[in-house]
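Visitor: Just passing along the structure, written as structure tokens.
The values are calculated or read from the model by the stated rules, or taken from the named source; none is laboratory data. It should be emphasised that the depicted structure is a prediction, and the values quoted were computed from it without experimental measurement. Counting neighbours? That spans all protein chains shown, and the Cβs are built from the backbone with ideal geometry, glycine included.
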Amino acid sequence: MQVLHHYNSDHNVSSAQQIVPYIFDILQIELTSVIDIGCGLAQWLRVFKEHGVDDVLGIDGSHVPLDKLNIDISEFRACDLRKLSVLEIGKRFDLLLCLEVAEHLQPEYAHQFIQTLVLLSDRIIFSAAVPNQTGENHFNEQYPDYWAGLFSQYGYRLLDPFREKFWQDEKVNWWYRQNMFLVVKNELAGNYSFSYNGNVYIHPKLLELRSSLAKKPKTNDLRVAFKHLIKKVISKIS
């Protein structure tokens, strides 16, 4: 299976540069603070800073290469996302990002993880891998309804302002075009004209990827073919 690692060139600032201005437009508030849970190299926070947000915090594991961060090292905090605590963070933020992260946690951590997110902000930009999306260490790939159900337990609602808007935008990574939602407290949902109808969209880029993977010989098939070749060579020698 192809690995789409969060530190390679696929995860650049292009997606954030396209989407962040739109986030400012739709939120209709003055953003002064943004936290990114599972920030990777903090490309999204870099773009928010470029748009005037000075108070940013990136949270991810200790495996993140600090010398490659797109933010100051003082704006990054390493911790185990499975044990993330609001007390560790110490404050709430105007906006929280959690992009292609939740699928990397085992299912038994999902409820606690979502609870932590909602305690940190009233507004969340959320995306998570759907089943069979491909990727590295995906333990809990789910369709959006699964996450909508978890958020609803805490009084939050999924809204869908991104998928149609960016579906054809080649400057945005296809996984964001397919999976990104705005999640807000129920009492804030009336401020927005967007809704979520429960539809699952699978981006053509993912279908192309799955098709190309299906055409590649599997490792076991290669091993069998190699053993067969060795046997033929030995039989000719003998």
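Visitor: Taking segment 66-125 on its own, how many of its residues are under 22 Å from residue 50 (Cα atoms), of a type in the set (Ser, Thr, Tyr) and assigned to a helix (DSSP H, G or I)?
Guide: 1
Visitor: Report the residue count in segment 17-41 for those that are touching a Lys or Arg at 6+ places or on another chain (Cβ under 6 Å) and either closer than 22 Å to residue 75 by Cα or at pLDDT below 95 (or both).
Guide: The number of residues fulfilling the criteria is 1.
Visitor: Turning to a different aspect of this structure: Is it the case that segment 191-206 has a residue that's out of contact with any Gly (no Cβ under 7 Å at 6 or more places or on another chain), part of a helix (DSSP H, G or I), buried (at least 17 other Cβ atoms within 10 Å of the Cβ) and modelled with pLDDT under 95?
Guide: yes
Visitor: Spot the failing condition for residue 176; the list is (1) of a type in the set (Ser, Thr, Tyr); (2) modelled with pLDDT under 95; (3) in a helix (DSSP H, G or I), and only one is missed.
Guide: Single failed check for residue 176: (2).
Visitor: Let me ask something additional. Only one of these is in contact with a Leu (Cβ under 6 Å, 6 or more places away or on another chain) and either loosely packed, with under 13 Cβ neighbours inside 10 Å or not assigned by TED's automatic domain parsing to the domain that holds residue 212 (or both): 77, 123, 163, 157. Name it.
Guide: The unique qualifying residue is 123.
Visitor: Restricted to segment 179-189, and to residues that are over 11 Å from the mean Cα position of the chain (by Cα) and of a type outside the set (Gly, Ala, Ser), which residue is surrounded by the fewest Cβ atoms within 10 Å (Cβ to Cβ)?
Guide: Among residues in segment 179-189 that are over 11 Å from the mean Cα position of the chain (by Cα) and of a type outside the set (Gly, Ala, Ser), the one surrounded by the fewest Cβ atoms within 10 Å (Cβ to Cβ) is 187.
Visitor: In addition: Restricting the search to segment 52-65, which residues are assigned to a loop (DSSP other than H, G, I, E, B) and surrounded by 15 or more Cβ atoms within 10 Å (Cβ to Cβ)?
Guide: 53, 64
Visitor: Condition test on residue 91, is it more than 15 Å from residue 137 (Cβ to Cβ), basic (Lys, Arg) and either surrounded by 13 or more Cβ atoms within 10 Å (Cβ to Cβ) or in contact with a helix residue (DSSP H, G or I) (Cβ under 9 Å, 6 or more places away or on another chain) (or both)?
Guide: Answer is yes for this residue.
Visitor: Return the total of residues in segment 171-212 being farther than 17 Å from residue 125 by Cβ and in contact with a Ser or Thr (Cβ under 9 Å, 6 or more places away or on another chain).
Guide: Residues meeting the conditions: 5.
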